[in-house]
Amino acid sequence: MEQKTYWLTTADQEEVFVRNWYEPNQSPKAIIQLAHGMAEHTARYQPFAEFMVKQNFAVYGNDHRGHGYTGKKQGTLGLLDENNGFDKTVEDLWTVTKVIKREHPGKPVFLLGHSMGSFLTRRYIQLHSDKVNGVMLSGTGSHPGFMNNIGKGLAIAERKRKGLKAPSKLLNKLAFANYNRNIDDQVTDFDWLSRDAELVRAYLDDPLSGFVPTAAFFFDLFTGFDHMDDPNGIESIAKQLPMLLFSGSMDPVGKQAKGVFRTAETYYRHGISDITVRIYENGRHEMLNEINKEEVYTDVVNWIEDVLS
């Protein structure tokens, strides 16, 4: 397996950092495009990518604006953009998809979004569902309801008070304060991510993970929740689009699976019927980094191959 990295110019002339994992001199059966989560980056998906390449897939992923090497080059971790950052980040994903289609003409493309990446993916398919062969939503959740408007109001006030690029400890605390609540024998504030203690420690030790985002980021995220849940947007999604939703039964983002099923039911009500939901008992937020991750990897492969068959 080899990994290629490069910088890609986006529609609004920003630059995002892209990774491509592949087997040289081999034609992949399909391409998996990654959309990573909040306060992390694509390098954390190396084990998943290695597994997929061995199964004859190629894998692409970009570090989102304000994340990973993209955010480092921009100078601020945790800031998507000054304005309309959520949709601009979605369009970055589309820019990567176009590269994939140019480099692998005619090959099926599957978009896998984790956590915040799943929310970006849910907006992406409102705009480009006819350009991918299926989507996978890892660690997703349902719309926060009326609390979302409260969050947007706080984010506006925080941005005015602290400025565009200052981290917002207040909003970060409000967003994540209760995530460890149902975790027994807590060691760190991030035990809700995975039962794999080494993985959690690596996340804590990673300077490009676990940072506190800006108030502007949270405003974009909360705005994105409204976009992804908009009935007109959902209605625009291709009805035949295959979807896989997977999560741990102890994932607080999905409200211990309730939000995952609520999301699936929303799509089903809009006529999207090819939906598979997998909930892993006692799993936490990052099922691709859980102690049973190879089981999850295998389930992903089997689902894609079922779609292709």
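The values are calculated or read from the model by the stated rules, or taken from the named source; none is laboratory data. If you're wondering where the values come from, they're calculated on a predicted model, not measured in any experiment. Cβ atoms come from the backbone with ideal geometry, glycine included; neighbour counts cover every protein chain shown.
When the range 1-32 is examined, which residues are found to be assigned to a strand (DSSP E or B) and of a type in the set (Ser, Thr, Tyr)?
Within the range 1-32, 5, 6, 9, 22 qualify.
Restricting the search to the range 88-121, which residues are assigned to a helix (DSSP H, G or I), surrounded by 20 or more Cβ atoms within 10 Å (Cβ to Cβ) and among the aromatic types (Phe, Trp, Tyr)?
Residue satisfying the conditions is 119 alone.
Of the residues 304, 234, 279, which is surrounded by fewer than 22 Cβ atoms within 10 Å (Cβ to Cβ), touching a Phe, Trp or Tyr at 6+ places or on another chain (Cβ under 9 Å) and part of a helix (DSSP H, G or I)?
234
For residues that are surrounded by fewer than 24 Cβ atoms within 10 Å (Cβ to Cβ) and either part of a strand (DSSP E or B) or not aromatic (Phe, Trp, Tyr) (or both), tally how many sit in the range 40-56.
9
Of all residues being among the hydrophobic types (A, V, I, L, M, F, W, C) and surrounded by fewer than 23 Cβ atoms within 10 Å (Cβ to Cβ) in the range 195-221, which is nearest to residue 305 (Cα to Cα)? Just the residue, please.
Applying the filter and picking the extreme gives 199.
Looking only at the range 84-105, which residues are under 21 Å from residue 303 (Cβ atoms) and either without any contact (Cβ under 8 Å) to a residue 40 or more places away in the chain or in contact with a helix residue (DSSP H, G or I) (Cβ under 7 Å, 6 or more places away or on another chain) (or both)?
Residues satisfying the conditions are 93, 97.
Listed residues 154, 174; which is surrounded by 13 or more Cβ atoms within 10 Å (Cβ to Cβ), within 22 Å of the chain's Cα centre (by Cα), more than 21 Å from residue 41 (Cα to Cα) and modelled with pLDDT under 95?
After applying the criteria, what remains is 174.
Looking at 187, 135, which is the one that is in a loop (DSSP other than H, G, I, E, B) and either without any contact (Cβ under 8 Å) to a residue 24 or more places away in the chain or surrounded by 13 or more Cβ atoms within 10 Å (Cβ to Cβ) (or both)?
Answer to the check: 187.
Quick check on this structure: which one of 295, 286 is over 18 Å from the mean Cα position of the chain (by Cα) and either touching a residue at least 60 places away in the same chain (Cβ under 8 Å) or within 23 Å of residue 196 (Cα to Cα) (or both)?
Of the residues listed, the single one that is over 18 Å from the mean Cα position of the chain (by Cα) and either touching a residue at least 60 places away in the same chain (Cβ under 8 Å) or within 23 Å of residue 196 (Cα to Cα) (or both) is 295.
Across the range 238-276, which residue is surrounded by the most Cβ atoms within 10 Å (Cβ to Cβ) among those that are part of a helix (DSSP H, G or I) and touching a residue at least 24 places away in the same chain (Cβ under 8 Å)?
Looking at the filtered set, the residue picked out is 260.
Can you spot a residue in the range 192-210 that is closer than 19 Å to residue 142 by Cβ, in contact with a helix residue (DSSP H, G or I) (Cβ under 6 Å, 6 or more places away or on another chain) and not charged (D, E, K, R)?
No.
May I ask you to list the residues in the range 215-250 that are within 18 Å of residue 150 (Cβ to Cβ) and of a type in the set (S, T, N, Q)?
223
Could you grab me the full set of residues in the range 75-123 that are farther than 25 Å from residue 164 by Cα and aliphatic (A, V, I, L, M)?
Listed by number, the residues that qualify are 96, 99, 100, 109, 111, 112.
Kindly check whether there is at least one residue in the range 70-84 that is in contact with a Leu (Cβ under 7 Å, 6 or more places away or on another chain) and at pLDDT below 95.
yes
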